[in-house]
Each structure stands twice: as structure tokens, then as C-alpha cells.
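S.K.: Before anything else, here's the structure in question.
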């Protein structure tokens with residue numbers, strides 16, 4: 001599953017008058033290790049359809065599903081709280 005705040009970014013590279021599109025995973029803060037041991041905000045995924053690109057697409061999709069479920073659960077908890085408070089005040093009257 002992708003880390004919260006990560007997204008896929010498409011960028012263009014040029015070589016000998018040819019243009020190529022590549023993808024990278026971008027985080028809001030440095031979380032990806034580099035060869036030197038430092039952390040960076042970017043992880044190169046390669047061209048569209050590569051194994052790394054597809055895997056990250058699936059990870060982002062799972063993160064989005066989890067975030068949506070979390071928002072739904074929060075909404076249900078607020079609704080339940082409102083209903084509970086209303087029924088409690090009606091019983092006291």
C-alpha cells in the first residue's frame with residue numbers, strides 16, 4: 001500500500017530530439033532511500049506499463065480505497081453520535 005500523501009507524477013525526458021514519458025512516485029516528504037543512504041521524495045518508476053509503474057498504481061488504488069473507507073467510517077460515527085445524542089435527550093424529557 002502506498003504511503004499517505006503519495007502520488008504518481010508523469011514527466012518528459014528528451015534524448016536526441018526524441019521525447020519519452022516516464023513516471024515517478026512522489027511523496028510529500030522524503031521517505032524513499034537512495035543509493036547513498038539519504039532519503040528523497042521521488043522514486044523512479046520507468047515508462048508506462050512497467051512492472052514498477054503498475055505495482056505503484058495498484059498501491060495508490062488501495063490507499064485511495066482505504067482513505068475512502070476511513071472517511072465513510074468517520075461519517076457513520078458522526079451520524080451515530082448525532083442519533084445517540086438525540087435519542088438520549090428525548091428519553092430525558
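S.K.: Working from Cα positions, state the angle (0 to 90°, nearest 10) between the long axis of helix 51-92 and the longest principal axis of the chain.
M.R.: 10
S.K.: Something else about it: State the label only: which of (1) 14.5; (2) 16.5; (3) 15.8 corresponds to Kirkwood radius over Cα pairs in Å computed from the shown model?
M.R.: Read-out from the structure maps to (2).
S.K.: Tally the DSSP beta bridges in the chain and give the antiparallel ones as a percent, rounded to 5.
M.R.: Around 100 percent of the beta bridges assigned by DSSP in the chain are antiparallel ones.
S.K.: Sticking with this structure for a sec: Can you give the helix-only mean residue ellipticity at 222 nm for the chain, where every DSSP H stretch with n ≥ 4 adds -39500 (n - 2.57) and the sum goes over all residues, rounded to the nearest 500 deg cm²/dmol?
M.R.: So the calculated ellipticity at 222 nm is -16500 deg cm²/dmol.
S.K.: Before anything else, pin down the relative contact order of the chain: Cα pairs under 8 Å, at least 6 apart, normalised by residue count, whole percent.
M.R.: So the answer I get is 23 percent.
S.K.: Would you mind classifying segment 26-67 by shape? Square roots of the alpha carbon gyration tensor eigenvalues, ordered a ≥ b ≥ c; an a/c under 1.5 is rounded, otherwise it is prolate if a/b is larger than b/c and oblate if not.
M.R.: In terms of gyration-tensor shape, oblate.
S.K.: Most mobile of 36, 48, 70 per a Gaussian network model of the chain (Cα springs, under 10 Å)?
M.R.: Comparing 36, 48, 70 in a Gaussian network model of the chain, the most mobile one is 36.
Since every read-out is calculated from the coordinates, none of them should be taken as a lab result. This one's a predicted model, so the numbers in the text were calculated from it and none came from an experiment.
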